[in-house]
Amino acid sequence: MFENKKILITGGTGSLGKALARRLLQHDPKIIRIYSRNEFNQTRMRREFGDDARMRFFLGDIRDYFRLVRAMEDTDIVFHTAALKDVVGIEYNPFESIKTNVVGSQNVIDACREARVGLAVAVSTDKAVAPLNVYGATKLLMEKLFTSATNYVDKDKHPTRFIGIRYGNVLGSNGSVAPKFIERIREKKPITITDPGMTRFNITMDEALDFILGSASKRKDSVVFVPKLKAYNIMDLRDALFEMLGSTECTTGRIRAGEKLAEVLISSDEMRNTLEGDRDYIITKEADGGHDPEAEHPGYRRARGDSVYSSANAEKLSKAEMIKMLRPLVERPADY
Ligand SMILES: NC(=O)c1ccc[n+]([C@@H]2O[C@H](COP(=O)([O-])OP(=O)(O)OC[C@H]3O[C@@H](n4cnc5c(N)ncnc54)[C@H](OP(=O)(O)O)[C@@H]3O)[C@@H](O)[C@H]2O)c1
């Protein structure tokens, strides 16, 4: 699927973009183009990748359609990961995220069509489900733009397939809860749990990469892929870390604005258009009259129409599983 292909990653210097580039290099692509704005981050990444000749670095903003078209010339696959994603900063500067996450994503779509890219994959988040904050709302719109991108185009003229991938916070990623707790417990400083009833889905960077590349290989169009994941309770995460590192004081705070008690990856309304496979779900577009999603997606069956796919009701990780999963992070912080 990726061998000998020319691939472009928007936001290629970000946590996900870098890990994706590293993983894709193992698949012998012809070229990987990194597209982002910050020159210093590109220089640093070029060095980190040992000046690999297959890596190309394009300075550019996804708000700039013409630059995107130039960067995408003769490209087979685009992974769209560029986004503004700091929830607090975005609440304060909402329109900037609309310009990047919404208008920028439409530019990516239009440029893919113009350059006749084969496949475009957009990475989304649980925050897009019944959004509580501007970040989530912009990512929901990005998903909608991707899944409706082929609504009224001539497939012969514009062959691009567009798919979305939706998952929750990556364990150990910058700003996520586990590294913060690990640092504070090590320093014997108190940790704060905003709500003891809080649950989250668990996905590691390796699992996220497996899922993105696996979904990209499925030759589908206009759907959003969601992985089947186990979840954990925040108190179990704390207890697992206490067992590994020793305990410290733990206080209870207040749930922050824009924060949810549970992560929802598929709402009950979306579930009506959702198909279930052995390891994932696919959310299809709203069914219209002569539309039979099951026939269109062999290997998938209709999901239970009334259920919500939430970290509150998902199967939970056992303590032993949590310790196993946290061990690498405790031994060495993630470099993403
Ligand atoms: N991290 C998670 O746990 C998580 C979970 C679910 C989904 N996601 C999604 O995964 C994607 C990647 O997340 P991440 O954690 O890798 O983010 P990140 O580390 O903040 O990286 C964001 C990347 O986007 C680039 N970028 C931002 N604005 C841009 C613009 N206008 N034009 C071009 N490039 C731009 C940044 O580089 P410059 O600033 O140099 O341009 C950077 O390379 C995002 O779409 C996010 O919504 C992340």
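Condition first: farther than 27 Å from R22 by Cβ and in contact with a helix residue (DSSP H, G or I) (Cβ under 9 Å, 6 or more places away or on another chain). Now tell me which residues in the stretch 104-119 satisfy that.
Step one: of the stretch 104-119, the residues farther than 27 Å from R22 by Cβ are 106, 110, 113-114, 116.
Once the filter is applied, which keeps residues that are farther than 27 Å from R22 by Cβ and in contact with a helix residue (DSSP H, G or I) (Cβ under 9 Å, 6 or more places away or on another chain), the stretch 104-119 yields Q106, D110, E114.
Mind checking whether some residue in the stretch 213-233 is hydroxyl-bearing (S, T, Y), crowded, with 16+ Cβ neighbours inside 10 Å and under 25 Å from R22 (Cβ atoms)?
Of the residues in the stretch 213-233, the ones hydroxyl-bearing (S, T, Y) are 215, 217, 222, 232.
Cutting the leftovers down to crowded, with 16+ Cβ neighbours inside 10 Å gives us 215, 222, 232.
With the extra rule that they be under 25 Å from R22 (Cβ atoms), the set shrinks to 215.
Scanning the stretch 213-233 turns up at least one residue that is hydroxyl-bearing (S, T, Y), crowded, with 16+ Cβ neighbours inside 10 Å and under 25 Å from R22 (Cβ atoms).
If you filter the stretch 44-55 down to residues that are closer than 28 Å to S176 by Cβ and touching a strand residue (DSSP E or B) at 6+ places or on another chain (Cβ under 9 Å), you find that the one that is nearest to the ligand (Cβ to nearest atom) is M45. Consider G164 carefully, then state whether it is crowded, with 17+ Cβ neighbours inside 10 Å, on the phi > 0 side of the Ramachandran plot and not aromatic (F, W, Y). So G164 does not fit the description; no. Against the conditions (1) surrounded by fewer than 18 Cβ atoms within 10 Å (Cβ to Cβ); (2) without any contact (Cβ under 8 Å) to a residue 60 or more places away in the chain, L275 satisfies every one except (1).
Quick grid of which residues meet (1) out of contact with any Phe, Trp or Tyr (no Cβ under 9 Å at 6 or more places or on another chain); (2) under 17 Å from V121 (Cα atoms):
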| site | (1), (2) |
| --- | --- |
| L8 | no, yes |
| K18 | no, yes |
| A21 | no, yes |
| K30 | yes, no |
| L68 | no, yes |
| F79 | yes, yes |
| S105 | no, yes |
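Identify all residues within the stretch 249-268 that are surrounded by 14 or more Cβ atoms within 10 Å (Cβ to Cβ), farther than 15 Å from N133 by Cα and over 18 Å from the mean Cα position of the chain (by Cα); write none if there are none. Residues satisfying the conditions are C250, S268.
Counting only strands (runs of 3 or more DSSP E) that sit wholly inside the stretch 54-129, those with at least 3 residues that are under 30 Å from E270 (Cβ atoms) and not acidic (D, E) are 77-80, 119-125.
Within the stretch 73-85, if we keep just the residues that are modelled with pLDDT of 95 or more and within 13 Å of the ligand (Cβ to nearest atom), the residue that is nearest to L213 (Cα to Cα) turns out to be F79. Hey, any hits in the stretch 28-37 for a residue that's over 29 Å from L140 (Cα atoms), surrounded by fewer than 17 Cβ atoms within 10 Å (Cβ to Cβ), among the β-branched types (V, I, T) and within 13 Å of the ligand (Cβ to nearest atom)? Scanning the stretch 28-37 turns up no residue that is over 29 Å from L140 (Cα atoms), surrounded by fewer than 17 Cβ atoms within 10 Å (Cβ to Cβ), among the β-branched types (V, I, T) and within 13 Å of the ligand (Cβ to nearest atom). Check F242, F201, F225 and return the single one that is more than 24 Å from S15 (Cα to Cα) and aromatic (F, W, Y). On inspection, the qualifying residue turns out to be F242.
Just one residue in the set I34, I7 is closer than 25 Å to Y135 by Cα and either of a type in the set (A, V, I, L, M) or not in a loop (DSSP other than H, G, I, E, B) (or both); that residue is I34.
Quick grid of which residues meet (1) within 13 Å of the ligand (Cβ to nearest atom); (2) farther than 30 Å from N151 by Cα; (3) at pLDDT 95 or above:
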{"residue": "M1", "(1), (2), (3)": "no, no, no"}
{"residue": "R22", "(1), (2), (3)": "yes, yes, yes"}
{"residue": "Q42", "(1), (2), (3)": "yes, yes, yes"}
{"residue": "F57", "(1), (2), (3)": "yes, yes, yes"}
{"residue": "R67", "(1), (2), (3)": "yes, no, yes"}
{"residue": "V87", "(1), (2), (3)": "yes, yes, no"}
{"residue": "C112", "(1), (2), (3)": "no, no, yes"}
{"residue": "V117", "(1), (2), (3)": "no, no, yes"}
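If you go through the stretch 119-130, how many residues are over 16 Å from K6 (Cα atoms), surrounded by 24 or more Cβ atoms within 10 Å (Cβ to Cβ) and away from the ligand (no atom under 11 Å from the Cβ)? Adding up the residues that qualify gives 1.
Scanning the stretch 131-178 for residues that are outside any strand (DSSP E or B), touching a residue at least 24 places away in the same chain (Cβ under 8 Å) and away from the ligand (no atom under 14 Å from the Cβ) returns L132, T147, S148, A149, T150, V153, H158, P159, T160.
Exactly one residue among E207, E183 is free of Cβ contacts under 8 Å to residues at least 40 places away in the same chain and within 16 Å of the ligand (Cβ to nearest atom), and that residue is E207.
The values are calculated or read from the model by the stated rules, or taken from the named source; none is laboratory data. Since the structure is predicted, the reported quantities are computational estimates derived from the model, not experimental observations. Neighbour counts are summed over all protein chains in view; Cβ atoms, including those assigned to glycine, are modelled from backbone coordinates with ideal geometry.
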